[in-house]
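Structure, as structure tokens:
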Amino acid sequence: MTFDLLHLIDRFFVVSHVAAGVLALLIAPLAMATAKGGPWHRRWGKVWFWGMFWVCASTFALMFFRFSLFLLVIAVFSFYQALTGYRVLYRKNPSKDGQRPGALDWITAIVGLMFGIGLAAYGLAGVTGLIGQLGYTSNGTPFIFFVLSIMFGLALTNDALVDARSFRRAPGDKHWWWYHHMTRMLGGYTATVTAFMVQNVGRHLPDEWAWVVWVAPAFITTPLISIWVGYYKRTFDARKQQLERAVA
């Protein structure tokens with residue numbers, strides 16, 4: 001009876017995890033395609049955010065049944081992007097009461113920083129062979145995974161430090177929150193695509209090529225995100241110049 005109950009609980013988290021992941025994959029493009037700040041953009045964005053929340057929460061639940069560093073890394077990294085991208089909407093002007101960083105923001109940054117440093121340290125230990133010297137086994141972990149752990153760990157560490165600095169002093173550009181929101185939300189979606197690719201494509205590739213699906217989504221989307229953010233920066237600058245000319 002106990003075994004059956006545990007099996008049912010395990011199945012529930014597996015199925016709901018996959019369902020939330022698929023939902024996040026499908027909903028995000030709808031939020032991207034709608035007018036920024038519009039009602040449908042906010043609605044689709046919230047659906048995507050809570051889908052990402054459950055992907056992360058169910059991952060931690062699944063760790064009790066089967067530990068997977070891959071799942072843990074992607075879940076924490078992607079939800080950090082989603083949560084910080086969502087929270088920045090509530091602190092557009094940190095100088096005003098009610099828009100200053102709260103306990104949740106600081107806790108998120110601290111946890112992200114600790115996880116990022118830990119992940120980078122794990123990758124470094126694997127690359128240098130220190131794991132074996134300490135008496136632990138890598139259980140056949142591919143060398144490239146240690147390299148990827150360093151990359152993801154450093155990226156998460158950097159994001160957490162950027163957030164902590166913004167808590168203490170917000171950037172001078174009044175549209176900083178817009179760019180931050182875009183970058184983090186799209187970064188979270190990129191991580192979700194990465195998870196999908198690794199699970200459904202990577203396993204069918206030869207071991208020497210499986211690492212490609214870990215980096216391909218970010219390699220493709222990072223410059224596209226920069227171009228999109230740059231477009232809005234130019235748009236806002238043009239509007240500012242038009243306003244200044246009108247006033248003059």
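Throughout, read-outs are computed from the coordinates displayed, never taken from laboratory work. Note that this is a predicted model, so its numbers are computed, not measured. Every residue, glycine among them, receives a Cβ derived from its backbone with ideal geometry; neighbour counts consider all protein chains shown.
Here are the numbers:
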item	result
Radius of gyration, Dmax [region 68-247; alpha carbons; angstrom]	19.2, 71
Per-residue Cβ neighbour rank within 10 angstrom, fewest leading, THR221, THR84, THR128	THR128, THR221, THR84
Karplus (6.51, -1.76, 1.60) ³J(HN,Hα), θ = phi - 60°, over region 233-243, in Hz, Gly and Pro reported as x	4, 5, 5, 5, 5, 5, 5, 5, 5, 4, 5
Degrees between helix 2-33 axis and first principal axis of the chain (Cα, 0 to 90, nearest 10)	30
Mean residue ellipticity (222 nm) of the chain, computed from DSSP H runs ≥ 4 via -39,500 (n - 2.57), nearest 500	-27500 deg cm²/dmol
For peptides 155-161, 183-189, 96-102, sequence by mean Cβ density within 10 Å, most packed first	183-189, 155-161, 96-102
Fewest-first sequence of SER226, SER95, SER16 by Cβ atoms within 10 Å of each Cβ	SER95, SER226, SER16
Estimated vicinal HN-Hα couplings, Hz - region 164-176 in sequence order (Karplus 6.51, -1.76, 1.60; Gly, Pro = x)	4, 5, 5, 5, 7, 8, 5, x, x, 5, 5, 9, 4
Alpha carbon centroid spacing (whole Å) that separates region 167-207 from region 1-70	16
Vicinal HN-Hα couplings computed from phi for region 65-75 (Karplus, 6.51 cos²θ - 1.76 cosθ + 1.60; Hz; Gly/Pro x)	9, 7, 7, 9, 5, 4, 4, 5, 4, 5, 5
Ascending count of other beta-carbon atoms within 10 Å, so fewest first, for TRP228, TRP44	TRP228, TRP44
Once the Cα gyration tensor of region 1-67 is diagonalised, semi-axes √(5λ) in Å	32, 9, 8
Gained length - ILE107 relative to ALA19, 0.36 nm times residue gap less alpha-carbon distance	28.9 nm
Volume per residue that the Cα convex hull of region 82-129 spans, once the total is divided by residue count, Å³	72
